[in-house]
Amino acid sequence: MSLLDIHNLSLTLDGRALLSDISLSVAAGEIVALVGESGSGKSLTALSVLGLAPDQAQITGDIVLEGQSLTELDDRALQAIRGRNIGMVFQEPLTALNPVMPIGDQVGEVVRLHTRCSRSEGRAAARKALDDAGLAAPRFTLDLYPHQLSGGQRQRVAIAMATALQPRLLIADEATSALDPVNQARVLDLLCARAKEGGSGLLLILHDLAVARERADRAVVIRQGRIVETAPAEALGREGLTSDYGQALLRDALHTPPPRLPAPDAPVVAQAVDVVRTYAGSRKLFGKGPQIRAVEGVSLSIKRGESVGLIGESGCGKSTLLRALAGLEAVQGGRVLINGHDWTDKTRQRQMRQRIQPVFQDPGASLDPRWSVYRSLCEPLHLLDTPPENPERLAAQTLEQVGLDASFLNRLPHQMSGGQRQRVALARALMTKPDLIVLDEAVSALDVTVRARILDLLSNLTHEHGIALLFVSHDLEVVRRLTDRLLVMEAGRIVEEGATQTVLANPTHPATQRLVTATPQLKPPAEPAS
């Protein structure tokens with residue numbers, strides 16, 4: 001008998017079928033990857049297992065966990081199962097974590113609710129779970145708050161919450177999309193080891209076919225709420241998938257935009273000169289801890305039409321440097337110049353903000369939950385000296401560029417998938433036609449089909465419209481395909497730089513070597529024998 005059995009699960013909301021006859025199983029000790037496009041029903045399937053589908057949804061079929069039907073249980077009974085028997089790691093850690101509760105209390109709360117242990121025992125269990133997830137003491141104390149951590153570190157807190165009680169079934173919804181390759185490998189080692197050695201089941205919901213091929217036993221391909229193919233995970237490599245949709249996914253995963261180089265005499269649009277960014281230390285019983293130097297004497301320049309990649313392990317200072325370049329954080333040393341103008345020149349800040357636009361890692365946090373997509377897209381238009389005559393048409397055209405139609409203009413963020421929200425965030429950055437877009441993990445939430453389209457779009461922006469890109473990413477394969485030049489960061493410093501293909505093919509610094517070694521590879525299907 002399987003650990004989890006889903007039989008003919010169908011879900012209808014407002015007369016629209018979102019899931020149709022979903023049937024899949026996860027055995028004890030088995031790792032199953034559920035892959036497909038954004039909005040295909042992957043996350044909704046997971047939420048249905050937890051009993052967290054929308055209240056108005058009409059559900060048929062059956063979900064059985066270790067012989068017990070979950071669809072027959074009321075919410076009180078399901079609450080006893082969530083966290084104890086089923087652990088869930090959600091896609092966006094900022095929406096899964098309480099911003100006003102220390103991470104130790106958040107992880108410990110899961111343990112205390114299900115075991116009725118003391119607070120000190122809960123915190124001891126939280127310490128072990130955080131250590132296992134790669135947030136070891138003394139650097140990561142239990143009294144840290146989510147806003148004091150990077151996106152990847154917050155995701156590891158969410159993983160610690162889900163694994164603290166070693167549940168029989170673990171569902172990871174894009175659990176490693178925010179992690180660098182080194183920490184991704186470490187977390188996947190932890191999750192997979194618990195499945196293989198502890199006899200629990202692991203359902204990996206992801207769009208990274210390389211991770212699915214390397215880590216899973218089986219791959220289940222879903223499209224528009226229907227399962228189109230189930231195959232061994234090895235089929236994601238040289239053997240290939242058999243369905244037309246599965247083969248299209250493989251082609252998109254291996255898609256590379258045509259190579260283009262910026263003009264050698266292109267002007268510099270952004271420059272950092274010996275930039276230093278520090279943060280105050282965390283509060284202690286007596287005073288504060290030592291200052292944290294997130295960026296230490298970094299210098300770089302980006303030319304018009306150039307695409308520059310910035311990689312490094314989580315917490316190395318990548319996002320901090322990006323925010324400094326975008327004028328979102330003041331620097332304590334050095335200078336940041338946009339088109340030759342310093343951010344400290346207050347008379348030019350409005351004009352500079354028009355010329356540089358950010359796309360952040362977590363669209364759930366960067367989009368106002370009360371604003372429609374149309375209002376969010378129009379927000380940066382106040383920076384323009386001459387607003388467009390028809391902003392609604394401009395918004396619709398920009399949405400179309402990122403693969404969304406005009407029907408999304410009236411939607412709210414919660415009415416979209418994580419990948420769709422990220423496309424809206426990218427569209428918002430394009431509204432002012434900037435000189436530079438700084439992207440912090442901008443495609444980490446996108447499936448391979450949309451990612452291929454977005455990579456082509458970004459490539460065209462750089463080489464046809466002269467827009468420069470600073471692309472911060474953990475995904476080395478995306479960086480390889482999109483960027484011309486690569487910077488590697490460690491402990492707040494640039495430790496290696498050069499042409500992207502050269503750096504990744506022959507890394508010289510240990511930090512780069514660790515990243516390259518830990519990155520999963522998706523091999524193209526083998527050529528047929530002649």
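The values are calculated or read from the model by the stated rules, or taken from the named source; none is laboratory data. Since this is a predicted model, take the numbers as computed values, not measurements. Reconstructed Cβ throughout: ideal geometry from the backbone, glycine too, with neighbour counts over all protein chains shown. SASA here: full protein model, heavy atoms, side chains in, ligands and nucleic acids out. Shrake-Rupley method; radii C 1.70, N 1.55, O 1.52, S 1.80 Å.
Quick look at the values:
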{"item": "Residues (open to solvent by 10 Å² or more (accessible area, probe 1.4 Å) and part of a helix (DSSP H, G or I)) located in region 309-323", "result": "Lys318, Ser319, Thr320, Arg323"}
{"item": "Answer from Ala212, Ala126, Ala235 - the residue that is buried (at least 23 other Cβ atoms within 10 Å of the Cβ) and more than 22 Å from the chain's Cα centre (by Cα)", "result": "Ala126"}
{"item": "Only listed residue being touching a strand residue (DSSP E or B) at 6+ places or on another chain (Cβ under 9 Å), open to solvent by less than 20 Å² (accessible area, probe 1.4 Å), under 24 Å from Ser417 (Cα atoms) and not in a helix (DSSP H, G or I), chosen from Ile227, Ile222", "result": "Ile222"}
{"item": "Filtered residues of region 368-408 (kept if in a helix (DSSP H, G or I) and among the aromatic types (Phe, Trp, Tyr))", "result": "Tyr374, Phe408"}
{"item": "Arg481 vs. criteria under 25 Å from Ala326 (Cβ atoms), touching a helix residue (DSSP H, G or I) at 6+ places or on another chain (Cβ under 8 Å) and either in a helix (DSSP H, G or I) or open to solvent by 30 Å² or more (accessible area, probe 1.4 Å) (or both)", "result": "yes"}
{"item": "Of all residues making up region 446-476, the number that are in a helix (DSSP H, G or I) and of a type outside the set (Ser, Thr, Tyr)", "result": "15"}
{"item": "Some residue of region 118-128 being not in a helix (DSSP H, G or I) and not small (Gly, Ala, Ser)", "result": "no"}
{"item": "All positions within region 3-33 that are touching a residue at least 60 places away in the same chain (Cβ under 8 Å), open to solvent by 20 Å² or more (accessible area, probe 1.4 Å) and not in a strand (DSSP E or B)", "result": "Ala27, Ala28, Glu30"}
{"item": "Test: residue in region 34-46 that is closer than 20 Å to Asp75 by Cα, touching a helix residue (DSSP H, G or I) at 6+ places or on another chain (Cβ under 7 Å) and either open to solvent by less than 30 Å² (accessible area, probe 1.4 Å) or not in a loop (DSSP other than H, G, I, E, B) (or both)", "result": "no"}
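Residue-by-condition table, conditions (1) surrounded by fewer than 23 Cβ atoms within 10 Å (Cβ to Cβ); (2) within 18 Å of Leu404 (Cβ to Cβ); (3) at pLDDT below 90:
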site	(1), (2), (3)
Asp447	no, yes, yes
Val450	no, yes, yes
Arg453	yes, yes, yes
Leu461	yes, yes, yes
His465	yes, no, yes
His474	no, no, yes
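Residue-by-condition table, conditions (1) touching an Asp or Glu at 6+ places or on another chain (Cβ under 9 Å); (2) over 30 Å from Asp5 (Cα atoms); (3) part of a loop (DSSP other than H, G, I, E, B):
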{"residue": "Gln91", "(1), (2), (3)": "yes, no, yes"}
{"residue": "Val110", "(1), (2), (3)": "no, no, no"}
{"residue": "Phe140", "(1), (2), (3)": "yes, yes, yes"}
{"residue": "Ala162", "(1), (2), (3)": "no, no, no"}
{"residue": "Gln166", "(1), (2), (3)": "no, no, yes"}
{"residue": "Ser177", "(1), (2), (3)": "yes, no, yes"}
